[in-house]
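As structure tokens, the structure follows; a few thoughts come after it.
The values are calculated or read from the model by the stated rules, or taken from the named source; none is laboratory data. Just so it is clear, the structure is predicted and the values come from calculations on it, not from any experiment. Note: ideal-geometry Cβ built from the backbone for every residue, glycine included; neighbour counts use all protein chains shown. When the accessible area is computed, the model is the full protein with side chains, heavy atoms only, and any ligands, DNA or RNA have been set aside. Shrake-Rupley method; radii C 1.70, N 1.55, O 1.52, S 1.80 Å.
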Amino acid sequence: MTTAPTSTTAPTSTTAPPSTANTASTVNTAGQAPSAAVPPAMLLRELVFGAACAGAVRAAASLRLPDALDEEPAGAEQLAERLGVEPGPLRRLLRALACYEVFAEDADGRYRHTPLSRLLRSDEQGSLRDIALWCTEPWTWQSWSRLDDAVRTGRSVFGDAFGKEFFQYLHDDAPESAALFNRAMTQSSRQSAQDLAGFLDLSGVSSVADVGGGQGQVLAELMERHPGLHGTLLDLPKVVEHADPRLLPGGALAGRARLVPGDCRTAVPVQADLYLVKNILEWDDDSTRRTLRNLREVARPGARVVIVENLVDDSPSMRFTTAMDLLLLLNVGGAKHTLGSLTALIAESGLVLDAVAPVNPYLHAFSCTVP
């Protein structure tokens, strides 16, 4: 694991580094430690069919299979009738999903929900249905097949595959996928907003600026929890136009909210007691340096800066964060940070890093102070 460089103000971390032990024979297809070691040849065969698992999850979400299963177990024939599909292929899909603990099969051949299958329901609190669909969109399969090219060149391969850059392609040629992207990001932001709002200590803070904050769900959640808090959302003009309804004119929080269209890589024209920078330092290092420099130049001495990112070397969910890191490489040429790489960029910016702590299994918060 990459560790943070030594400094006079040593950050603290409450997480233990992931094990570096060889786990090739100690992890099963569900990602849990089995009672007996899995032979390497068996495990590798299962790994190379990983697309089948992702495809099965996508099929379940697309068919709304989890929504069709109630609290009582049901057989493939019953579920097929509810969904209007063929029972034989559905049984095969259910059997495959049960291998990954998405549904469970009873001794009588009926299926019941598991915690994983419930998360694919559209009405479940914390549902991941849209995220599951987004991560398995048709274009993703072609992108993953070019990962070796991305590793050779160190750049995005999306333009080579589709003739346009990633977001331009979504806007021009895949509007349904673009809409799904927005729903998935909203779904993800809703959960992280709740986690962050519970994590952040806003003692002595009267104003928060969410830099590159998207639709501002985190900001809105913070303002709802702290009635005296004023908030500013800074993001690109088209993003700010579609901010969380609570922040827009006429919204419940509009009287305490300010919407600022702009690009934080160019300027951060906001004064605040606390600056929140979440999941936007994933471009090239030069863009990250410019963003942190712009923030450092405008912030008052003593202001707090909380940078929230997915780490690829100190996370309880390494499979998830490293997969996102590779997808960033494929799509836009970006990269997730290691603990050391982000710590170094923070130090270079002139911010003082006070502590590093987990927000949830996927996110870490780097708490800094402006000297």
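Some values worked out for this structure:
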read-out: Cα centroid of the range 141-170 to Cα centroid of the range 300-334, whole Å; value: 20
read-out: In sequence order, calculated HN-Hα J values of the range 115-122 (Karplus, 6.51, -1.76, 1.60; Hz; x Gly/Pro); value: x, 6, 5, 5, 5, 8, 6, 6
read-out: Calculated [θ] (222 nm, deg cm²/dmol) that DSSP helices of n ≥ 4 give over the chain, each run adding -39,500 (n - 2.57); value: -13000 deg cm²/dmol
read-out: Cα gyration tensor shape of the range 278-324, rounded if a/c is under 1.5, else prolate or oblate by comparing a/b with b/c; value: oblate
read-out: Kirkwood hydrodynamic radius over Cα pairs of the range 218-289, then Stokes diffusion coefficient at 25 °C and 0.890 mPa s, in µm²/s; value: 187
read-out: The range 70-210 - convex hull of the alpha-carbon atoms, volume per residue in Å³; value: 198
read-out: Accessible area of the chain belonging to carbon and sulfur atoms, whole % at 1.4 Å probe; value: 55
read-out: Order by protection proxy (mean Cβ within 10 Å, highest first), peptides 57-63, 321-327; value: 57-63, 321-327
read-out: For the range 199-340, alpha-carbon Rg over 2.2 N^0.38 Å; value: 1.07
read-out: Distance between modelled label sites at residue 167 and residue 63, nm, 7 Å Cα→Cβ extension; value: 3.7
read-out: Computed accessible area, residue 48, all protein chains, 1.4 angstrom probe, square angstrom; value: 110
read-out: Where only alpha carbons of the range 63-132 are counted, the Rg and the Dmax (Å); value: 11.2, 32
read-out: Virtual spin-label span in nm between residue 238 and residue 38, 7 Å along Cα→Cβ; value: 4.1
read-out: Accessible surface ranking that places the most exposed of 338, 140 first, with a 1.4 angstrom probe; value: 338, 140
read-out: For the chain, average projected area of the Cα convex hull in nm²; value: 21.1
read-out: Residues whose placed amide H lies under 5 Å from that of residue 354, excluding near-sequence neighbours; value: 367, 368, 369
read-out: Binned Cα-Cα distance frequencies in the range 281-371 - 5 Å width, integer %; value: 3, 15, 24, 24, 18, 11, 5, 1
read-out: Cα gyration tensor, the range 142-198 - rounded (a/c under 1.5), prolate or oblate; value: oblate
read-out: Stokes-Einstein diffusion coefficient of the range 250-334, Kirkwood radius over Cα pairs, 25 °C, 0.890 mPa s, in µm²/s; value: 164
read-out: Amide H contacts under 5 Å for residue 282, placed H, 5+ residues apart; value: none
read-out: Relative packing of peptides 290-297, 247-254 - highest average C-beta neighbours within 10 Å first; value: 290-297, 247-254
read-out: Residue 145 - accessible surface, heavy atoms, 1.4 Å probe, Å² rounded to 10; value: 80
read-out: Length released on extending from residue 47 to residue 284, taking residue separation times 0.36 nm less the Cα-Cα span; value: 82.3 nm
read-out: Simple spin-label estimate for residue 114 and residue 357 in nanometres, 7 Å along Cα-Cβ; value: 3.4
read-out: Net charge of Cβ neighbours under 11 Å - reference residue 99; Lys, Arg +1; Asp, Glu -1; value: -2
read-out: Fraction of antiparallel bridges per DSSP, the chain only, in percent to nearest 5; value: 45
